[in-house]
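Chemist: For reference, the structure I am asking about is given below.
The values are calculated or read from the model by the stated rules, or taken from the named source; none is laboratory data. Everything numeric in this text was worked out from a predicted model, so none of it was measured. A quick note on method: Cβ atoms are made from the backbone with ideal geometry, for glycine too, and the neighbour counts reach across all protein chains shown. Note: accessible area is taken over every heavy atom of the protein model, side chains too, but ligands, DNA and RNA are not part of it. Shrake-Rupley method; radii C 1.70, N 1.55, O 1.52, S 1.80 Å.
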Amino acid sequence: MAHELPPLPYDYTALEPIIDEKTMHLHHDMHHAAYVKNLNAALEKHPELHGKKAEDLIRELHAVCEDLRGPARNNAGGHVNHTMFWQIMKPKGGGDPTGPIADAIKKTFGDFKTFQEKFNAAGVGQFGSGWVWLAGKPNGDVQIMSTPNQDNPVSQGLYPIFGNDVWEHAYYLKYNNRRPEYLQAWWGVVNWDEINKRYQASKK
């Protein structure tokens, strides 16, 4: 079956004023949709991969034929990354983390404020387009990392617990070139309930 663009789990205006309606339409309806369209086009000549999930394609990039490796990295990666991104945000989100993810952050970084500062710094420091992540290992350990373009921690054997998109299309209409301001504001829409579910999944 063809890969499909998932609907947003909330209205296009739901994350305002942190993420504006125009950006949500552009980001979801055009950019994410393009990754899905291009992924399906790239897979047309590879019927043996039609049953593969997008996550499996980027997890097993080394096993993908060479002509498909680049399109899979970029488009399956873009599809997986954005599907996660919509889910780990919510209206009236934010605040301090609770539950197991709060314990993991405290254990690794000392406190939430320190974690935020390090996460934001990694996002600011990502040259050009990419993502900043909190990635996990099966033993429960977590680490901050950044990746270029649409690369995903799963390709490095890690689990993408959550990530923030630092491509310009994610923030430029509202924040222009002020990426640090966007990164700081973004914490106000974080969905810690969903992130806790993903943290639990990272340990399996």
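Chemist: Would you pick out the residues in region 7-29 that are open to solvent by less than 50 Å² (accessible area, probe 1.4 Å) and under 16 Å from Pro91 (Cα atoms)?
Modeler: Leu8, Tyr10, Ala14, Leu15, Ile18, Ile19, Asp20, Thr23, Met24 - these are the residues of region 7-29 that are open to solvent by less than 50 Å² (accessible area, probe 1.4 Å) and under 16 Å from Pro91 (Cα atoms).
Chemist: Can you list the helices (runs of 4 or more DSSP H) lying wholly within region 103-195 that have 2 or more residues being touching a Ser or Thr at 6+ places or on another chain (Cβ under 8 Å) and open to solvent by less than 20 Å² (accessible area, probe 1.4 Å)? Step through it out loud before you land on a result.
Modeler: Numbers: elements: 112-125, 172-175, 179-186.
Fully inside region 103-195 and qualifying: 112-125.
Chemist: List the residue pairs whose Cβ atoms are under 9 Å apart, where the first residue sits in region 31-58 and is among the acidic types (Asp, Glu), the second is at pLDDT 90 or above, and the two are 6 or more positions apart or on different chains.
Modeler: Cβ pairs passing all conditions: Glu55/Ala76; Glu55/Val80; Glu55/Asn152; Glu55/Val154; Asp56/Ala76.
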